[in-house]
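Data block below; observations after.
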Amino acid sequence: MSARALVFILPFMISIVSVSSFAKLVIPTAMTTSDRQTALEALGYGTGAKLLGDPYPLGGYSGVEFGITDEIIPTSDISRLGSKATQQTETSYSVMTIGKGLYNNVDGFLQFGLSSTSESISNFGGQLRWGFYQAEYVPAFLSLVLSGSSTNFQNLIITNNQALDLITGINVDDVTLYLGAGQMRAQGTFVGGASGITDTSETLKENVSGSHFLAGVNLKFSKVFLAMQIDRYTQANYSAKLGFRF
């Protein structure tokens, strides 16, 4: 990719991150068991740690990666639950990621939520990636990704999730295309009490699990990269990441 393309794309992506991170999530009250499970499918699955980047290993112990990610969660189903909160189509939040080569083709990643003045969402998570196969005559690869994260939504819903995905892809010049599939499990705590959101006024827990499919593209500009990814759980989630790998 040319330096001229980088000059145009980077400010554009930065503006997307800075604007969309102010989307406001309105959580309904009086949620029943089925309401809580629907909310958990949207928020628990949607906040799973994303691959978002070059799936090739960082290159041993010396490899390091930094990035800023903006993630969009569809929330139209949530606005129809319980007390039927204000109509909303999506919410978004941003996270910072740090990656480090651990040993050979194994990498570890941590992510931390970036808070905003209009949204009370905190997030922490991580990934362990193992690039266990690379074809000898074509630029193709296979990786396993074990991930988990925890997210707090306004101290009303706390989610935890774990996922295991198999990733395959191909690299052509400065572009990497990848696909993946796996399983995800999410647990959610829904706060009760006078200002809570459950229909029984008790703090309750829910669990859901299901399949996870993803597709992404990673564009490299020397050491800087731009990654975009679609994750399919019960709904499609979209995310983008600006990063630096060295």
Check your understanding: Hey, among LEU58, LEU102, LEU52, which residue is of a type in the set (A, V, I, L, M, F, W, C) and at pLDDT below 90?
Key -> LEU58
Check your understanding: Do we find a residue being of a type in the set (S, T, N, Q) and within 21 Å of ASP70 (Cα to Cα) anywhere in segment 165-174?
Key -> no
Check your understanding: Which of (1) of a type in the set (S, T, N, Q); (2) exposed (fewer than 14 other Cβ atoms within 10 Å of the Cβ); (3) closer than 30 Å to TRP130 by Cβ is the odd one out, the single condition ASN171 does not satisfy?
Key -> (2)
Check your understanding: Which members of segment 37-54 meet the condition of being part of a loop (DSSP other than H, G, I, E, B) and crowded, with 24+ Cβ neighbours inside 10 Å?
Key -> THR47, GLY48, ALA49, LYS50, LEU51, LEU52, GLY53
Review point. Which residue out of SER83, SER122 is more than 23 Å from LEU144 (Cβ to Cβ), open to solvent by 50 Å² or more (accessible area, probe 1.4 Å), in contact with a strand residue (DSSP E or B) (Cβ under 7 Å, 6 or more places away or on another chain) and of a type in the set (Ser, Thr, Tyr)?
Key: SER122
Check your understanding: Which one of these is under 15 Å from the mean Cα position of the chain (by Cα) and surrounded by fewer than 19 Cβ atoms within 10 Å (Cβ to Cβ): LEU128, LEU102?
Key -> LEU128
**Study point:** In segment 86-99, the residues that are surrounded by 19 or more Cβ atoms within 10 Å (Cβ to Cβ) and polar (S, T, N, Q)
**Key:** THR91, SER92, SER94, THR97
Check your understanding: Of THR69, THR47, which residue is touching a Ser or Thr at 6+ places or on another chain (Cβ under 7 Å), among the hydroxyl-bearing types (Ser, Thr, Tyr) and within 21 Å of LEU177 (Cβ to Cβ)?
Key -> THR69
**Study point:** segment 182-205, subset touching a residue at least 40 places away in the same chain (Cβ under 8 Å) and either aromatic (Phe, Trp, Tyr) or open to solvent by 20 Å² or more (accessible area, probe 1.4 Å) (or both), residue nearest to LEU81 (Cα to Cα)
**Key:** ASP199
**Study point:** Leading residue by the ranking (nearest to the chain's Cα centre (by Cα)) among those in segment 144-157 that are open to solvent by less than 50 Å² (accessible area, probe 1.4 Å) and of a type in the set (A, V, I, L, M, F, W, C)
**Key:** VAL145
Study note, to complete from the structure: Pairing a residue in segment 210-227 that is without any contact (Cβ under 8 Å) to a residue 40 or more places away in the chain and closer than 21 Å to ASP165 by Cβ with any residue that is open to solvent by 30 Å² or more (accessible area, probe 1.4 Å) and hydrophobic (A, V, I, L, M, F, W, C), where Cβ atoms lie under 9 Å and the two sit 6 or more apart in sequence or on different chains, gives SER211/ALA181; PHE213/LEU179; PHE213/ALA181; PHE213/ILE230; ALA215/LEU177; ALA215/LEU179; ALA215/ILE230
**Study point:** Selection count, segment 220-237, where residues are at pLDDT below 95 and open to solvent by 30 Å² or more (accessible area, probe 1.4 Å)
**Key:** 6
Practice item. Can you work out which of the residues in segment 136-156 that are among the aliphatic types (A, V, I, L, M) and at pLDDT 90 or above is nearest to LEU179 (Cα to Cα)? Key: LEU142
Exercise for review: Scan (1) under 20 Å from the mean Cα position of the chain (by Cα); (2) at pLDDT 95 or above for the single condition GLU206 breaks and write down its number.
Suggested key: (1)
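The values are calculated or read from the model by the stated rules, or taken from the named source; none is laboratory data. Fair warning: this is a prediction, and the values are worked out from it, not measured in the lab. Neighbour counts are summed over all protein chains in view; Cβ atoms, including those assigned to glycine, are modelled from backbone coordinates with ideal geometry. The protein model used for the area step is the full one, side chains on, heavy atoms only, and it has no ligands, DNA or RNA in it. Shrake-Rupley method; radii C 1.70, N 1.55, O 1.52, S 1.80 Å.
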